[in-house]
Structure formats: structure tokens, C-alpha cells
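Reviewing the structure listed below.
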Amino acid sequence: MHQSSPFNHRLLPYLLVLPQIAVTLAFFIWPALNAVWLSTRREDAFGLSSEFVGLEHYIAIFHDATYTRALVNTAVFSTGVTVVSLALALLLAVMADRVVRGAMVYKTLLIWPYAVAPAVAGVIWWLAFNPSIGVVAYYINILGYDWNHLIKAKDAMMLVIFAAAWKQISYNFLFFLAGLQAIPRSLIEAAALDGASPFRRFWTVIFPLLSPTTFFLLVVNIIYAFFDTFALIHATTSGGPAGSTETLVLKVFMDGFVGLDLGGSSAQSVVLMVMVMGLTVIQFRFIERKVQY
Amino acid sequence: MVENRPWLTVIAHVVLLLGLLVTAFPVWLTFVASTHEGTALTQFPMPLWPGRNLLENYGTILFSGAKAAGGQPVLLMLANSLIVALGIAVGKIAISIIAAYAIVYFRFPLRQTFFWMIFMTLMLPVEVRIMPTFEITASIGLLNTYGGLIIPLIASATATFLFRQFFLTIPVELVEAARLDGAGPIRFFRDILLPLSRTNIAALFVILFIYGWNQYLWPLVVTTDPSLTTIMTGINALVRVPDSEPQWHLLMAMSMLAMLPPILVVVVMQKLFVRGLVETEK
């Protein structure tokens, strides 16, 4: 920040922050506080009055088997998405870093899935894996596995993980490539002179130097899998079959808008807010280290 | 490269080409499905080469829409998506840049408080606070309006931070020189700061346009009026036709049209896109 104030004006700065603050208050802070308030109240059957019930809704959701199932689903889903998309992106980035000719072309051809909407990403993989017309499902059947994400819980989970990871690869690829290109060539050359094979160089020199990028991407991918995949799941499996792909974000919506359970849905919102705040703080704590490249 | 190992380079190319294939494969299938008649998409597996119905399918959905999903023409949905995406991108940039300007260039009571309030928005994605946000939007009468689609999504901590970081790198001498020449705060902003921020604005615009175009849950809950359907909610309606397989050929033509604008933006403005992506994560 500038030490002294360059401009002196009483009213102007308030006018300048007003639009942003107004929107923030109305659509972020007020709803957040409202969720906290509603999560401690119970309305009567007609919604005319409500009474304070303390932590009852919180206790109730953690005793609710469908909620704990959503927790487990979210854990499985976000782990799957993060591992698959990070591993594939790292592989592709290392290869792209290696080739001298055509690296730019590969980059251009790999980054566009970022622009595909989560809902569309879900729908197009849904077609590929569709058990009655999908090409991928057809070949999986030939290999001897009867793929059906409409009935089988595991298949449905794999489908949404795959679609979500596919969309995220381009983002991870860009950051990994930037991280790789920032590693000083002299370090790699020194390792090569000492006789380290490319494989060994990767694990002992490159990968450790890449760890700030990897860690940063880890957090970003978890946030993505938790919160930005609502559309992808909602447009395809809608949490089914039998709740097997219902994640926490999906459940907040289902219980609130479809089930009209205001208190329970608000308590779930608050739990999610605490999670996202925790993740954001972690992301910011490590921002200094990430700036390496 | 460090040493010459041609076979490793070959492997690298092979892996990259495989990566490209896997990435492009579902989009190819989508395109193929969008060019066939509905009846061709009942065989297992579906055809792998384009059919002859490209013009007919796209013509149908663009101008008359899919009957099964309410029959809104997709051209209208694309127009709505464009309005929403532009509204969100322009709105976010506009209110962020002036807020950042106030926070960096003025000293005033509550400055830090405002800064932290804006920071909070970073932590609260709309999916998490969907019910109460819907309620306040309803209570101020913004349901089924473009305002309701756009305004609740235009607060942006990321954009404010980006502009703040950028303003902090501008030398103080520049402000002092401008002031000596008699420029007031508004003049300085308009004639010096805005032109200097051009690249940042453009990079941010690319990212925010994609963000706005791809919105799904929010349009789904705040609009019930068919004339406000965006392309994403239109896809949702077509997926959700009860008790039958979706009309794949129309659904996929719609998906192609939904993908095309943001992909074009990314590919054509690749440099700005990468810059925006990296900058917004700082």
C-alpha cells in the first residue's frame, strides 16, 4: 500500500467501493449469516413461527445416514478427481516439456477443455459411456465387464470422476508446464553429468522442485471437486443411482430446494462454508511458496 | 535437451498424441451424434462417423427448439447466455476495478473492513449458500430478470485482488506527477490507470466470460420464465425429459453450440487466457 494517501477526498472512496460492498453484503454476507441463523431454528409446519433449537440440526445431520454417505461420496469423488487429473496432467506436462518441436501446438490442443462447462463435460462423457449407445461402454462390455452407470453405483462414481478430471487436466497441465519450465536447466544438466537417468532425474530433482506447484494444485483441485462440480453431477447422474454420487453440495440443494428442509439444509451450508474457509486459508498460507515460478 | 535420446522423444510424442486423442474423443462423439437422425442413435454402439443430418438438426434446435423440452429456440438461449456472460464479466470488472482503486489510492475509515468483506466473497461459492441467496434475490424482486441472473454473481474478490496487486506495482511518482499537473482522482483513474490496466482487464475478461457462460445452478434456481432460459438450463431441461432416453441428436447439437463460444475464446485469445488464469490464482 502507498504510505501516504495520494488523494484526499471524503466522499469519493465510499462511492467507489459502494457497488462492490452492496453486492457483497446483500448476496454473500447476509445469506451466510442467514444460513447460520436458520441452522439454529426450527419452523413450525406452516412456517409462521420458529424456535431456537441450538445445535439440533447439526447433531441431526451427522446422525443422518444419507449425510454421512454424502460425506464419503465427496471424499471418494474429490480424491479420485484430484489424483486422476493431477497424475495425467503431470505426465502430459513432463512430455510437453521434453519435446522441443510442437510444444506450443500440444499446449493449444490440450487447454481448451477448461472452457467446456461442467454440465456439458458431464453430458458428453455420459454419451460416451451410455450403456445403450455409448462407444466406450460397448468396448468395456467386449472386455467382459457389463458397464451400466444407470444401475451400478461404482460405475456412476467412476463416470463422474472421469468427466470431472477430464475437464481439470488442462488447468493442471498449464500450471505444471509453467512449473517445469521454471526449473533451472543447469540443475538438470548437473544431474545428467553425474549419470542420473531421465527417470531418476525426474524423481530426485524435478519432482521435488515441483512440489510447491503440486501442493497448490492439490488444494485448487480439492476446491474444484468439492464446489465446482455441482453442474456436472446434477446434469448426469443427479446423485443417483440410489444416492451413490450425491456429494455434499448436491445434497444442500436437494434438501433445501427439493426437500424444503430449511434448517437441515442451512446446517449443511454452514458445514460447507467452514470447509471452504479452511481450504481457502490453506491455499493462502502457501501462496508465498507457490510464487517460486 | 540435456542429452540425445531419440526414443524418449518418440515416447513423449506418443504420450502427448494419446492425451490429445482422449481429450478430443468425447467431443468427436458429440459432434458425430449431432449429425445423425434420432433413429441412428439407438444402435449399440452409436456410429463413429458423421451422418447427413447436420443442417437439419442444428436448424431444428436453433430456430424451433426441442419439442420435448418446452420448445424454446436455442438461438434465444445462446442470446441469453451471451447477455449473462457479458453482464457478469463486465459487471465484475467494473465494480472490482473501482473498489480496488479506492482501497489502494485513498485513506479512509473502514478501508480495512471493506477489504476483508470483499475477501470473504472468495470463500463462499454460490453453491454453498444457495438457499439464503435465492431468498434474498426473491425478496427484492429479482427472480426471472436479467438482473437476478447477473447481479448476485458480480461481486468478485479475485478481480479486486488482481487490480489491487497491479495498482501497487505502479510507481507512486506517476500519481504525484499527475497531481502536480492538476489531475484529480477521477481524471487520474480515467486517463492513466485505466489505459495501464488494459491487458489485465482483457485477461480477466476471458476468464470471467467463461465463468459467466458456464453458469448452471444459479440460472436454474432464479429463472422459471422460458424466455430467460440460458443454454445450460436448456441442456438441463433436455436431459431431464421424463421416462425416456434423451433425444441424443438434439441434445448433442445443443452441447456443441454450448461448448463452441467459450472454446473459441480460449483458443483465439490463448495468451490472454493463460495470463488471466495464472494472475487470478495469485
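Read the figures in this text as sums done on the coordinates, not as results from a lab. Keep in mind it's a predicted model, so treat the numbers as computed, not measured. With ideal geometry, Cβ positions are generated from the backbone for all residues, glycine too; neighbour counts draw on all protein chains shown.
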Open item on the list: Which residue is nearest to the other protein chains (Cβ to nearest Cβ), if the candidates are limited to the range B:80-131 and must be over 21 Å from the mean Cα position of the chain (by Cα) and of a type outside the set (A, V, I, L, M, F, W, C)?
Closed with: B:R107
Task: Those residues of the range B:235-256 which are in a helix (DSSP H, G or I) and more than 10 Å from chain A (Cβ to nearest Cβ), in sequence order - done: B:A237, B:H249, B:L250, B:A253
- [ ] Pick out the one residue from A:Y114, A:Y138 that is under 16 Å from the mean Cα position of the chain (by Cα), facing chain B (nearest Cβ under 7 Å) and of a type in the set (F, W, Y).
- [x] A:Y114
Open item on the list: I'd like to verify a number: residues in the range B:257-273 that are at the interface with chain A (Cβ under 9 Å from one of its Cβ atoms) and either in contact with an Asp or Glu (Cβ under 7 Å, 6 or more places away or on another chain) or over 19 Å from B:L76 (Cα atoms) (or both), how many?
Closed with: 7
Task: Lone qualifier among B:T233, B:T169 - being surrounded by fewer than 21 Cβ atoms within 10 Å (Cβ to Cβ) and either among the polar types (S, T, N, Q) or touching a Gly at 6+ places or on another chain (Cβ under 6 Å) (or both) - done: B:T169
TODO: From (1) in contact (Cβ under 8 Å) with a residue 40 or more places away in the chain; (2) surrounded by fewer than 17 Cβ atoms within 10 Å (Cβ to Cβ); (3) closer than 24 Å to B:L16 by Cα, pick out the condition that doesn't hold for A:R200.
DONE: (1)
- [ ] Please enumerate the residues belonging to the range B:212-234 that are of a type in the set (A, V, I, L, M, F, W, C), in contact (Cβ under 8 Å) with a residue 40 or more places away in the chain and either farther than 28 Å from B:A40 by Cα or facing chain A (nearest Cβ under 8 Å) (or both).
- [x] B:W213, B:L217, B:W218, B:V221, B:V222, B:L228, B:M232
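Look at B:L149 and say whether it is of a type outside the set (S, T, N, Q), part of a helix (DSSP H, G or I) and in contact with an Asp or Glu (Cβ under 9 Å, 6 or more places away or on another chain).
Judged against the criteria, B:L149 is not a match.
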- [ ] Tell me, yes or no, whether the range A:228-235 has at least one residue that is under 15 Å from the mean Cα position of the chain (by Cα), buried (at least 17 other Cβ atoms within 10 Å of the Cβ) and in a loop (DSSP other than H, G, I, E, B).
- [x] yes
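Is there a residue being touching a Ser or Thr at 6+ places or on another chain (Cβ under 9 Å), more than 14 Å from chain B (Cβ to nearest Cβ) and among the charged types (D, E, K, R) anywhere in the range A:33-51?
Yes.
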TODO: Could you please give the count of residues in the range B:257-282 that are over 26 Å from B:M46 (Cα atoms) and part of a helix (DSSP H, G or I)?
DONE: 18
Task: Members of the range A:149-204 found to be under 16 Å from the mean Cα position of the chain (by Cα) and of a type in the set (S, T, N, Q), listed by number - done: A:Q168, A:S170, A:N172
Open item on the list: Suppose we filter the range A:257-272 for residues that are in contact (Cβ under 8 Å) with a residue 12 or more places away in the chain and either within 7 Å of chain B (Cβ to nearest Cβ) or out of contact with any Phe, Trp or Tyr (no Cβ under 7 Å at 6 or more places or on another chain) (or both); how many remain?
Closed with: 10
Open item on the list: Could you tell me how many of the residues in the range B:259-282 are of a type in the set (A, V, I, L, M) and either in contact (Cβ under 8 Å) with a residue 40 or more places away in the chain or in contact with a Pro (Cβ under 6 Å, 6 or more places away or on another chain) (or both)?
Closed with: 6
Open item on the list: Checking the conditions here, which among B:L20, B:L16 is crowded, with 20+ Cβ neighbours inside 10 Å and either without any contact (Cβ under 8 Å) to a residue 24 or more places away in the chain or charged (D, E, K, R) (or both)?
Closed with: B:L16
- [ ] Kindly provide the set of residues from the range B:42-60 that are of a type in the set (V, I, T) and within 14 Å of chain A (Cβ to nearest Cβ), ordered by number.
- [x] B:T42
Open item on the list: Just to be sure I understand, how many residues within the range B:87-113 are crowded, with 22+ Cβ neighbours inside 10 Å and under 30 Å from B:P219 (Cα atoms)?
Closed with: 9
TODO: Look through B:R198, B:R179, B:R190 and report the one residue that is without any contact (Cβ under 8 Å) to a residue 12 or more places away in the chain and at the interface with chain A (Cβ under 10 Å from one of its Cβ atoms).
DONE: B:R179
